[in-house]
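Here the structure is laid out as structure tokens; the discussion comes afterwards.
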Amino acid sequence: MTDSLTPQPNAMELVVFRVGAQEFCIDIMAVREIRGWTAATLLPHAPRYVRGVINLRGPVLPIVDFAIRLGLPSREPTERNVIIVVQAGPRQIGLLVDAVSDILTTRESQLRPTPDVASETAKLFIRGLLAIDGRMLSLISLDHLLPADDREAA
């Protein structure tokens with residue numbers, strides 16, 4: 001981890017969050033806000049990983065259960081869960097996660113490629129891996145959070 005007050009060449013600022021026992025991170029520039037869990041209104045025929053929608057001061061925001069989207073076990077959300085509102089392409093999406101744990105600064109050169117043993121679907125979501133302070137973080141690409149046909153429907 002580097003000093004966040006000193007500009008670093010090829011620096012990346014990341015928001016680290018937890019889903020179950022795993023840690024993930026996303027570019028801080030994609031994060032619009034972090035808010036507590038709000039019950040979502042269900043949408044008929046929505047994909048299983050879309051928990052529903054919430055009203056975000058006017059705009060309707062789809063809530064994606066990040067655990068289900070990655071094929072991990074999910075639990076019913078509680079007041080301890082958080083929603084990370086992100087800009088994914090032209091739209092805003094809420095990611096339901098267990099907790100936000102850290103904001104860190106690292107260099108692009110520390111990013112390792114996703115191993116070849118990962119499925120093609122995993123490679124769509126995971127831009128690379130970071131080994132920092134004994135932790136393995138998956139850097140998430142938000143581009144494919146919703147498949148093209150689901151982006152239209154959500």
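A Förster distance of 41 Å, applied to the separation of the beta-carbon atoms of R91 and D133, puts the FRET efficiency at 0.75.
Taking amide hydrogens as placed 1.01 Å from N in the peptide plane, the amide H of R107 sits under 5 Å from those of M12, each at least 5 positions away in sequence or on another chain. Summarising the label geometry, the points placed 7 Å from Cα in the beta-carbon direction at E33 and E79 lie 2.0 nm from one another. Each residue, L42 and V60, gets one label point 7 Å from its Cα in the Cβ direction; the gap between the two is 1.7 nm. Among 83-94, 99-110, 61-72, sorting by the average number of other beta carbon atoms lying within 10 angstrom of each residue, highest first, gives 61-72, 83-94, 99-110.
Only the coordinates and a few stated rules stand behind these numbers; no lab work does. This structure is a prediction, so every number in the text was calculated from the model and none was measured. Positions of Cβ are backbone-derived with ideal geometry, glycine not excepted, and every protein chain shown enters the neighbour counts.
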